[in-house]
1. How many of the residues making up region 172-183 are part of a loop (DSSP other than H, G, I, E, B) and surrounded by 13 or more Cβ atoms within 10 Å (Cβ to Cβ)?
2. For region 190-216, give me each residue that is closer than 16 Å to Ile161 by Cβ and in a loop (DSSP other than H, G, I, E, B).
3. Collect the residues in region 158-171 that are in contact with a helix residue (DSSP H, G or I) (Cβ under 8 Å, 6 or more places away or on another chain) and either assigned to a helix (DSSP H, G or I) or not basic (Lys, Arg) (or both), keeping them in residue-number order.
4. Suppose we filter region 81-94 for residues that are modelled with pLDDT under 85 and part of a loop (DSSP other than H, G, I, E, B); how many remain?
5. Search region 184-238 for residues being loosely packed, with under 13 Cβ neighbours inside 10 Å, under 26 Å from Tyr133 (Cα atoms) and not charged (D, E, K, R), and hand back the single one that is nearest to the chain's Cα centre (by Cα).
6. How many residues are farther than 24 Å from Val24 by Cβ and either assigned to a loop (DSSP other than H, G, I, E, B) or at pLDDT 90 or above (or both) if we restrict to region 100-129?
7. Which of (1) in a loop (DSSP other than H, G, I, E, B); (2) modelled with pLDDT under 75 does Ser97 not meet, given it meets every other one?
8. Within region 145-153, identify whether any single residue is outside any helix (DSSP H, G or I), touching a helix residue (DSSP H, G or I) at 6+ places or on another chain (Cβ under 7 Å) and buried (at least 16 other Cβ atoms within 10 Å of the Cβ), and answer yes or no.
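The values are calculated or read from the model by the stated rules, or taken from the named source; none is laboratory data. Nothing here was measured: the structure is a model prediction, and the numbers come from that model. In this analysis, Cβ positions are derived from the backbone assuming ideal geometry, glycine residues included, and neighbour counts consider all displayed protein chains.
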Amino acid sequence: MFNIIFLDNNLQDLQRTKEYLESVQSEIKYDVNIKYCHEESQMFQILNAKTSPYDIFVTDIKMRNLSGIDIAQKIRDEQKNAIVIFMTSYTKYVYQSFEYAVFRYIRKDHMNEELLPALQAACEKLAVSRRTYIIIKNTQGIQKVKSSDIMYFELENRKCIIYTREERIEAWKNITQLKNELGEEVQLFIEIYRGCMVNKKHIKKVWKNENKLVLDNNIELSISRRKKKVVEETMVEYWNKHK
């Protein structure tokens, strides 16, 4: 789960944001918990806490006693890996904020077009950065595999076979168990036929006239006819976000 907080002392804007997100939250492909804060005293408490439960901060860039620049600086001082998104009507502070690695700028008058994709991209970035490992047990022993190194996994003769760039690993797990162990990072995989999940970051091509895709090590995998359209649409969306 990713914890997101919106900071904005304009109560009307914050309420509008809340209503919009309540209507589209089901479209976010990750499990998220969203909080809203409009009182600056509360913001100071959140920002001054040595440990914060929040992974993503979405803040207005201009408030009464705080600026978005101050907030970004404070977040960076305490949480190096947190994601900061500015949602604002002001653009003059953009260049000032570069040193604080602000992830995105959302224009308030374009919130309906820009906010959801920004949150989805932020969650995906956090999921990748967590670098989940899974533990594999088989007849050869026990080994640790980084989930981002898994190119694909499939069910073969009642065994789950995991493929990385270097090796083929048999696991004493079924597909459901492996997906559960991947946790949030299972979102990085797409099912191309029943019992086969492929890591999207390792897909380099989907054939137009054949039910096949090509991985970045030039391995070709078949796609079921039923899954072809979903795979194509998903990969176009993924590649557009990771240009």
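1. Residues of region 172-183 part of a loop (DSSP other than H, G, I, E, B): 172-174.
Applying the additional criterion that residues be surrounded by 13 or more Cβ atoms within 10 Å (Cβ to Cβ) yields 173-174.
Adding up the residues that qualify gives 2.
2. Step one: filter region 190-216 for residues closer than 16 Å to Ile161 by Cβ, giving 191-199, 202, 215.
The answer is Arg194, Gly195.
3. Initially, region 158-171 is screened for residues in contact with a helix residue (DSSP H, G or I) (Cβ under 8 Å, 6 or more places away or on another chain), giving 160, 162, 164-165, 171.
Scanning region 158-171 gives Cys160, Ile162, Thr164, Ala171.
4. Kept after step one, since they are modelled with pLDDT under 85, are these residues of region 81-94: 81, 88-94.
Restricting the remaining residues to those that are part of a loop (DSSP other than H, G, I, E, B) gives 81, 89-94.
The qualifying residues number 7.
5. Only one residue fits best here, namely Asn217.
6. 1
7. The one condition Ser97 does not meet is (1).
8. Scanning region 145-153, I find at least one residue that is outside any helix (DSSP H, G or I), touching a helix residue (DSSP H, G or I) at 6+ places or on another chain (Cβ under 7 Å) and buried (at least 16 other Cβ atoms within 10 Å of the Cβ), so the answer is yes.
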